[in-house]
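Structure, as structure tokens:
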Amino acid sequence: MKKTFKIAALALFAGLTLASCSENDEPTQKVVTVQKEMIVLNQGNYYKGVEGTLDRLELGMKTSDFWNGTITSNVFKAANGQSLGDSPQNAVMCGSKLYVSVYASKLVWVLNPSTKKIIKSISTTDPEWVTTDGKNVYVANNNGYVTRIDTATYAKDSIQVGPNPACLVVANKHLYASISDGFNFANGYVNGKKVAKIDLKTFKKTKDIAVGVNPGRMDVDNAGNVFVVCIGNYGTIKPEVQRISTSDEVKKVADGNNIVCLNNLLYVFNSQTNWGAGAVKTSAKIFNSLSLQEESVNRFEEREMAPAPTGVFTDLNKQYVIITSDADANSFDKPGFVYVYKKDGSFVKKFNVGIHPYFVLFPGIQTTVTI
């Protein structure tokens, strides 16, 4: 996916050639993954009839101009002559195809990642999230099931995991699904408060791991620890981040409602909203994901914090923190932003994007280099 990575890889490969090859050695070829673009999924506003869109940022060839491109809006519609759909959720690359979940349109698009043209539409029930283990694509459906899609044949099978699964991650030869019971506010999300653990080989649930109230987004560090945001009840129970260790032990890390892992660094963002004023105050903390000790260098609030974060992400090489954001707490029908920061929180750039940006992805493109 990344042109800067491609250049670095070529330099590395050249260095290895000089160090280890004799004059009689023949050049060889190697397939590497590069990131050429960032795509942004904007949810739009389903209740006001605003469709979702897909924006694209072409990335620069060098580190110095990596973020110097401009956003191209509504790329999916331009490529296909039709709407992306209502409330797109997220996207994942598997092999040479891009999979995009679209909640209210009840489908997963299979796209050519370069052209964004439709390869196939796969129907499913209210897809909240998609992820992959590199072989299959898995869909968290709001009806309580996780669907497995065979990427060679598009055949589907499903297992029941619990009400309103919200997010999926792959770690430790298992698939983890956060079970929110998010539509059961009146009863305190009683049938949620857990993360379902599914064996990838058998595609059967092996256990439920008890976590906090209303678990949602998750991420994984390099060691296989799973971090989950437990959103709470939007009132008396505040959002917090918990760690599920590789031995399934659960421990609170910090208060917060958005996370991302960069290798063994955990970034926790905690946004508190004044709905009357439409104002959001966001604090940021960086932790060592193994020791859970807070890092001493944190520059996220030195210059410019995203005004109303909707999600936190990273690039393929895990060199940047990217935050999608509304203009303010009440701007669900206005264009939003994507904010880019270095790993230490130093502000890099802000991009104007579509209405209610919700997810970013750096689709990895495989290319062959000579070494």
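The values are calculated or read from the model by the stated rules, or taken from the named source; none is laboratory data. Owing to the predicted nature of the structure, the values given are computational and were not obtained by experimental measurement. Please note: Cβ atoms are built from the backbone with ideal geometry, for glycine as well, and neighbour counts cover all protein chains shown. Side chains included, ligands, DNA and RNA excluded: accessible areas come from the protein's heavy atoms. Shrake-Rupley method; radii C 1.70, N 1.55, O 1.52, S 1.80 Å.
Just a few scattered comments:
- Rel. contact order, % - alpha carbon contacts under 8 angstrom, at least six apart, the chain: 15 percent
- In terms of the mean number of neighbouring beta-carbon atoms within 10 Å, the peptides 36-44, 207-215, 86-94 order highest first as 36-44, 86-94, 207-215.
- Annotation: amide H-H contacts under 5 Å for Ala254 (H modelled 1.01 Å from N, sequence separation of 5 or more, or interchain): Val241.
- Accessible area of Phe332 (1.4 Å probe, protein heavy atoms only, ligands and nucleic acids ignored): about 90 Å².
- Where region 38-182 is the region considered: accessible area per residue in Å², 1.4 Å probe: 38 Å²
- Derived scalar couplings ³J(HN,Hα) [region 185-197; Karplus, 6.51 cos²θ - 1.76 cosθ + 1.60; whole Hz; x for Gly, Pro]: 4, 4, 9, x, 6, 4, 9, x, 6, 7, 10, 7, 10
- Principal semi-axes in Å for region 201-289 [√(5λ), Cα gyration tensor, largest first]: 26, 16, 10
- Here the 3J(HN,Hα) profile of region 76-90, calculated from phi with Karplus coefficients 6.51, -1.76 and 1.60 at θ = phi - 60°, is 4, 5, 5, 7, 10, x, 8, 6, 5, x, 9, 6, x, 9, 7 Hz, Gly and Pro shown as x.
- The angle between the Cα long axis of helix 3-20 and the longest principal axis of the Cα atoms of the chain comes to about 50 degrees, rounded to the nearest 10.
- Debye log10 I(q)/I(0) at q = 0.06, 0.08 Å⁻¹ for the chain, Cα point scatterers: -0.22, -0.40
- Packing, taken as the mean count of other beta carbons within 10 Å per residue, orders the peptides 173-180, 237-244 from highest to lowest as 173-180, 237-244.
- With 27 Å as the limit, the listed pairs Lys251/Lys285; Lys173/Lys349; Lys97/Lys156 have Lys173/Lys349 beyond it between alpha carbons.
- The residues of region 220-272 have, on average, 39 Å² of accessible surface per residue, using a 1.4 Å probe with all protein chains present.
- Protein-only accessible surface at a 1.4 angstrom probe places the residues Phe300, Phe347 in the order Phe347, Phe300, largest first.
- In Hz, Karplus ³J(HN,Hα) per residue of region 158-168 (6.51, -1.76, 1.60; θ = phi - 60°; x = Gly, Pro): 9, 10, 7, 10, x, x, 6, x, 10, 8, 9
- Protein heavy-atom surface of the chain, 1.4 angstrom probe: 49% of the accessible area is carbon and sulfur, with nucleic acids and ligands not counted.
- Normalising the Debye intensity of region 128-209 to I(0), with uniform scatterers on Cα atoms only, and taking log10 at q = 0.16, 0.19, 0.23 Å⁻¹ returns -0.53, -0.73, -1.02.
- Cβ-placed point charges (K, R +1; D, E -1), dipole of the chain about Cα centre in debye, nearest 20: 420 debye
- Euclidean distance between Cα centres, region 67-120 to region 175-244, Å: 27 Å
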